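Below: one structure, written as structure tokens.
The values are calculated or read from the model by the stated rules, or taken from the named source; none is laboratory data. Because the structure is a prediction, the values reported are computed rather than measured. Cβ sites come from the backbone with ideal geometry, for glycine too, and all protein chains shown count toward neighbours.
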Amino acid sequence: MEHLVEHMRAARHSAHEPRCDICHKHCRSFEALRDHLGVGGSTLPKAAGCANAFAARGCTICLSVLRTAAERPRHLASCKLDRIRTPPGPPISRMAGMSLNHQPQAQGGGRALALGCKMVGAGSDGSLDVVARVCVVDEQENVLLNIYVKPLMPVTHYRYETTGIRPEHLRDGAMGLMTVKNAQQRVQELLLCGEQPWKVRTSRARARLLVGHGLDHDLKALGMDYPDYLKRDTATYPPLMKTSKLSNSLRFLTHTYLGYDIQTGHQDPFEDCVASMRLYRRMKKQEHHPNGGDADEPAASAEQAFPAWRQRELERMTPEELLRLSTPDYRCWCLDD
Ligand SMILES: [Zn+2]
Ligand SMILES: [Zn+2]
Ligand SMILES: [Zn+2]
């Protein structure tokens, strides 16, 4: 029992962890759950009983186990998404707070925006990342901003094979070209939605949640910041990370959890935005019922849930009772409104 209490302290189990539909085991990440079900890439031992049931009637994308194998094709048709191509047309820069039909965006478009950037290389060996394309989409995958950015430094490597960017795209007078400063302002306007930056530090009000993959890198390239509590980063969201706690690539996440391929050939920031937004929405849509207690919001430390002075009492509890006390160590996206 002493060891079990110690494990519960360290594990931070909660209703918000991915769980096996068969045995209800808690997993730290979807990757761990995939290994458990025998569909992961690792050679870790799977749980034979769960893996057999999963092979017969499981969905390899959302990892749920359906009641019958006959339900699987219909379920897969809605679970597996199709690749989306950039909408044709000129580069776009929409006014903040305006939807496509120029109505104020109260509800339409959702409360989150996804940001994606593409970098070209600067410096003597071209290894320095400089932002050259910026895209922002809303929850309905409408493009609010899709522009080229004039690099602040001389470009030494256009990385054409992956970016598709040529010198003429970034030359003065090119269509849809903006300065980094203007691009930063546009992104900021879209995110703040009329709120004051100082206010958003502590209270969200109308400001948007910012979705993306590796957001800090993109924000740094744009020379801006945004409060952490409003960021939803698919690279650092614990359930989407590797068991080793390293980030997965957006390409891997999209292939594995949305069921289609991106970043083949020239990479499009629009496609990245849509992929991270879809991952966000899928994570947000998950139904997690709290354990029973108020184990919903993350606690600062496990010590709050399992204080040392209660050790004796804790050791007399059942595993289920301990589970009810346990709080997650991350804020689950299913709690977003
Ligand atoms: Zn949750
Ligand atoms: Zn299981
Ligand atoms: Zn599914």
Check on Ala122, within 24 Å of Asp218 (Cα to Cα), modelled with pLDDT under 95 and either crowded, with 21+ Cβ neighbours inside 10 Å or within 25 Å of the chain's Cα centre (by Cα) (or both): no
Which listed residue, of Arg67, Arg74, is assigned to a loop (DSSP other than H, G, I, E, B), surrounded by fewer than 17 Cβ atoms within 10 Å (Cβ to Cβ) and within 15 Å of ligand 3 (Cβ to nearest atom): Arg67
Complete set of residues in the range 1-37 that are within 29 Å of Arg57 (Cβ to Cβ), part of a helix (DSSP H, G or I) and in contact with a helix residue (DSSP H, G or I) (Cβ under 7 Å, 6 or more places away or on another chain): Phe30, His36
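Report yes if Ala51 is more than 16 Å from ligand 3 (Cβ to nearest atom), at pLDDT 90 or above and touching a Leu at 6+ places or on another chain (Cβ under 7 Å), otherwise no. Reasoning before the result, please.
Values: more than 16 Å from ligand 3 (Cβ to nearest atom): yes; at pLDDT 90 or above: yes; touching a Leu at 6+ places or on another chain (Cβ under 7 Å): yes.
So Ala51 passes the test.
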The range 189-215: number of residues that are of a type in the set (A, V, I, L, M, F, W, C) and in a loop (DSSP other than H, G, I, E, B): 3
Residue that is surrounded by the fewest Cβ atoms within 10 Å (Cβ to Cβ) [pool: residues in the range 239-253 that are touching a residue at least 24 places away in the same chain (Cβ under 8 Å) and not hydroxyl-bearing (Ser, Thr, Tyr)]: Lys242
The lone exception for Leu323 - which of (1) out of contact with any Asp or Glu (no Cβ under 9 Å at 6 or more places or on another chain); (2) closer than 30 Å to Leu76 by Cβ it fails: (2)
Inter-residue pairs, beta-carbon under 9 Å, first closer than 18 Å to Leu177 by Cβ and assigned by TED's automatic domain parsing to the domain that holds Thr162 and in the range 108-136, second in a strand (DSSP E or B) and of a type in the set (S, T, N, Q), 6+ apart: Val120/Thr156; Ala122/Thr156; Arg133/Asn146; Val134/Asn146; Cys135/Asn146; Val136/Asn146
Selected residue (criterion: nearest to Gln263 (Cα to Cα)) from residues of the range 168-181 that are in contact (Cβ under 8 Å) with a residue 12 or more places away in the chain and surrounded by fewer than 11 Cβ atoms within 10 Å (Cβ to Cβ): Met175
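Report yes if Ala302 is of a type in the set (Gly, Ala, Ser), out of contact with any Phe, Trp or Tyr (no Cβ under 8 Å at 6 or more places or on another chain), more than 18 Å from Leu115 (Cα to Cα) and in contact (Cβ under 8 Å) with a residue 40 or more places away in the chain, otherwise no.
Answer is yes for this residue.
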Test: residue in the range 48-59 that is of a type outside the set (Lys, Arg), under 23 Å from the mean Cα position of the chain (by Cα) and away from ligand 2 (no atom under 11 Å from the Cβ): yes
Those helices (runs of 4 or more DSSP H) lying entirely in the range 216-335 with at least 2 residues outside the structural domain of Asp129 (by TED's automatic domain parsing) and farther than 20 Å from Gly110 by Cα: 302-305, 311-315, 319-325
